[in-house]
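Structure first, commentary second.
The values are calculated or read from the model by the stated rules, or taken from the named source; none is laboratory data. Quick caveat, the model's predicted, so the values are computed rather than measured. Every residue, glycine among them, receives a Cβ derived from its backbone with ideal geometry; neighbour counts consider all protein chains shown.
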Amino acid sequence: MKIVVTGGAGFIGSNFIFYMLNKYKEYEIICVDKLTYAGNLSTLKTVMDNPNFTFVKADICDRETIYKLFEDVKPNIVVNFAAESHVDRSIENPDIFLQTNIMGTAVLMDACRKYGIDRYHQVSTDEVYGDLPLDRPDLFFTEETPIHTSSPYSSSKAGADLLVLAYHRTYGLPVTISRCSNNYGPYHFPEKLIPLMIANALNDKPLPVYGKGENVRDWLYVEDHCKAIDLIIHNGKVGEVYNIGGHNEMKNIDIVKLICKELNKPESLITYVADRKGHDMRYAIDPTKIHNELGWLPETMFADGIKKTIKWYLENREWWEEIISGEYQNYYKKMYENR
Ligand code: NAD
Ligand code: TYD
């Protein structure tokens with residue numbers, strides 16, 4: 001079995017590679033990653049010497065290179081994690097989001113059509129459903145919820161999803177799509193809420209909470225997401241969408257306070273800053289379908305997962321300190337200075 005994993009030098013892709021190499025000793029994993037600001041080869045250092053693992057530096061939008069790779073490797077399965085993934089960056093510059101998230105997906109699927117594939121899996125997001133109001137805790141996103149995006153990021157992911165479904169209907173490409181809620185865990189890039197707050201708190205820097213901090217996200221430990229994708233690519237029905245979520249809704253401000261408590265840092269570090277444009281209020285997944293069809297359930301409780309995650313950031317300081325010492329400084333200044 002040969003699996004091409006795109007975006008494997010990023011947060012979820014790398015965790016998926018570790019999970020799969022550990023679980024399936026006979027599978028070959030080929031990671032294709034452009035190594036953008038979000039991709040780090042150091043993340044993959046523990047698997048670089050694994051004979052079942054190969055790393056290829058390539059852009060999924062580069063048709064020629066991707067075709068050549070498919071011709072050489074002849075993968076059975078493609079799991080596409082490669083994406084521009086940060087909402088705030090998409091608000092500043094939508095272009096690259098359309099390019100990688102939509103055009104890159106098209107190139108990968110064209111390669112699958114040309115060279116044949118048993119399964120093309122698209123890693124999507126609950127953000128394609130837009131948001132839910134805070135005063136309707138009875139509402140959840142199901143696979144039937146209409147696509148209703150808010151940000152250039154979520155629009156580009158929705159565009160890709162629609163293209164994936166069209167390639168299934170028009171060309172019979174054997175596809176599946178998963179739409180997951182917010183992940184957290186090791187190797188999460190420090191521009192995102194949880195790792196940003198951990199890194200800032202450890203450096204006694206202000207903790208910038210957007211708006212009133214009342215926005216709600218449904219947090220899932222990254223390994224539970226990886227397990228769900230493993231189930232979908234092996235047992236999921238072709239042409240289907242599966243929602244993945246932990247029934248673990250939390251307000252941003254409560255997460256930030258929890259991080260302060262765990263790190264023994266004062267809540268006075270919390271600074272309320274200008275809200276994100278078009279900020280989605282609440283995400284909440286109904287994972288009934290994947291539970292009933294594939295037997296998936298989240299296994300890591302948030303209380304344990306956040307402790308594990310904080311411990312990881314404490315024990316792997318060099319990984320994130322290296323990241324936040326480089327180009328990230330300019331990004332941080334631009335996004336947060338005078339906000
Ligand atoms: P990430 O930003 O940490 O990693 C993205 C990876 O893709 C990086 O290694 C980057 O170098 C690579 N990449 C970017 N453009 C590329 C290109 N043109 N060609 C090849 N590689 C490229 O993202 P993540 O948080 O790991 O998210 C992975 C996927 O999961 C994304 O598709 C995202 O939309 C989806 N998702 C993420 C979350 C979340 O909470 N992080 C939740 C649901 C879905
Ligand atoms: P983020 O991790 O960017 O994920 P997403 O926007 O895809 O859900 O943000 C999670 C929530 O945290 C979101 O409501 C925005 C908020 N947030 C802050 O309040 N401050 C920050 O510095 C960041 C990065 C996010």
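Some points to look at:
- Residue match in the range 150-165 (condition: under 19 Å from the mean Cα position of the chain (by Cα), surrounded by 22 or more Cβ atoms within 10 Å (Cβ to Cβ) and assigned to a loop (DSSP other than H, G, I, E, B)): yes
- Qualifying residue in the range 126-148 (condition: within 14 Å of ligand 1 (Cβ to nearest atom), at pLDDT 95 or above, surrounded by fewer than 21 Cβ atoms within 10 Å (Cβ to Cβ) and farther than 17 Å from residue 3 by Cβ): no
- Among (1) within 23 Å of residue 291 (Cα to Cα); (2) touching a helix residue (DSSP H, G or I) at 6+ places or on another chain (Cβ under 9 Å); (3) not aliphatic (A, V, I, L, M), the one test that residue 187 misses: (1)
- Within the range 296-339, being in contact with a helix residue (DSSP H, G or I) (Cβ under 9 Å, 6 or more places away or on another chain) and assigned to a loop (DSSP other than H, G, I, E, B) holds for 296, 297, 298, 299, 300.
- Residue match in the range 65-75 (condition: surrounded by 16 or more Cβ atoms within 10 Å (Cβ to Cβ) and either touching an Asp or Glu at 6+ places or on another chain (Cβ under 6 Å) or among the basic types (Lys, Arg) (or both)): no
- Restricting the range 170-192 to residues that are among the hydrophobic types (A, V, I, L, M, F, W, C) and surrounded by fewer than 22 Cβ atoms within 10 Å (Cβ to Cβ), the residue that is farthest from residue 300 (Cα to Cα): 173
- Leading residue by the ranking (farthest from the chain's Cα centre (by Cα)) among those in the range 70-101 that are of a type in the set (Val, Ile, Thr) and more than 11 Å from ligand 1 (Cβ to nearest atom): 73
- Test: residue in the range 211-223 that is touching a helix residue (DSSP H, G or I) at 6+ places or on another chain (Cβ under 7 Å), without any contact (Cβ under 8 Å) to a residue 24 or more places away in the chain and under 30 Å from residue 164 (Cα atoms): no
- When residues of the range 292-328 are limited to those that are within 16 Å of ligand 1 (Cβ to nearest atom) and polar (S, T, N, Q), the one nearest to residue 136 (Cα to Cα): 300
- Residue count for the range 271-311 satisfying the condition of being surrounded by 13 or more Cβ atoms within 10 Å (Cβ to Cβ), under 21 Å from residue 87 (Cβ atoms) and aliphatic (A, V, I, L, M): 4.
- Residues satisfying the stated conditions in the range 35-59, i.e. aliphatic (A, V, I, L, M) and out of contact with any Lys or Arg (no Cβ under 7 Å at 6 or more places or on another chain): 38, 41, 44, 47, 48, 56
- Taking each residue of the range 42-59 that is closer than 16 Å to residue 3 by Cα and looking for partners that are aromatic (Phe, Trp, Tyr) with beta-carbon atoms closer than 6 Å, six or more apart or interchain, yields 47/53.
- Residue satisfying all of: in the range 103-125; among the polar types (S, T, N, Q) and more than 14 Å from ligand 2 (Cβ to nearest atom); surrounded by the fewest Cβ atoms within 10 Å (Cβ to Cβ) among these: 122
- Inside the range 198-237, residues that are touching a strand residue (DSSP E or B) at 6+ places or on another chain (Cβ under 7 Å), assigned to a helix (DSSP H, G or I) and within 15 Å of ligand 1 (Cβ to nearest atom) make up a count of 6.
- Matching residues in the range 256-291 - criterion: being within 16 Å of ligand 1 (Cβ to nearest atom), of a type in the set (A, V, I, L, M, F, W, C) and outside any loop (DSSP other than H, G, I, E, B): 285, 290
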